Amino acid sequence: MQLQLVTLVSAAALLVSGCARSDDPTPGPATDASITAAVKTELLIDSFTPALHIHVATKDRVVTLTGKVKSREDKVEAVRVARAVGGVSAVQDELDIHQNF
C-alpha cells in the first residue's frame, strides 16, 4: 500500500515539477506546487518520518510542515528532509509531538 502511494506521489511530483530559472540561486523545482510535491515524496521515501501524518504547504518557496509526529527525532528528521529539497528557501516547523497516536 505504501509503495503504491510512494509511486503515485513520485509520479505526481514528476508531472508538476519544473526546472529552476537559470538566475535562481536555489536550484530545484520552480513552483510552490512542485516543491510541495517534492517534499511529500521525500518524506514518503524516508522511512523514519511519519509522512502520512505530515501536511506540507509551500508559499514563495517557504515550506510549512504541520501535523503529528511521535518524537522530537521525527520532527527534526522531517524538517531536515524538507530543507534538503531543491528550491526550498526556508522551513517553518509547526509539527506537534504526540507520543500516543
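The values are calculated or read from the model by the stated rules, or taken from the named source; none is laboratory data. What you see is a predicted model, and the numbers here were worked out from it, not measured in a lab. So basically every Cβ, Gly included, is an ideal-geometry build from the backbone, and we count neighbours across all protein chains shown.
The requirement of being under 10 Å from the mean Cα position of the chain (by Cα) and modelled with pLDDT of 95 or more is fulfilled somewhere in region 65-72, by at least one residue. Could you tell me whether residue 58 is surrounded by 22 or more Cβ atoms within 10 Å (Cβ to Cβ) and modelled with pLDDT under 95? So residue 58 fails the test.
When the residues of region 61-82 are filtered to those that are within 28 Å of residue 30 (Cβ to Cβ) and among the polar types (S, T, N, Q), the one that is surrounded by the fewest Cβ atoms within 10 Å (Cβ to Cβ) is 66.
Output the qualifying pairs, or none if there are none: Cβ atoms under 8 angstrom, residues six or more apart or on different chains, first residue in region 71-97 and closer than 16 Å to residue 46 by Cα and in contact (Cβ under 8 Å) with a residue 24 or more places away in the chain, second residue buried (at least 19 other Cβ atoms within 10 Å of the Cβ) and among the polar types (S, T, N, Q). Partner pairs satisfying both residue conditions: 74/49; 77/49; 78/49; 81/49.
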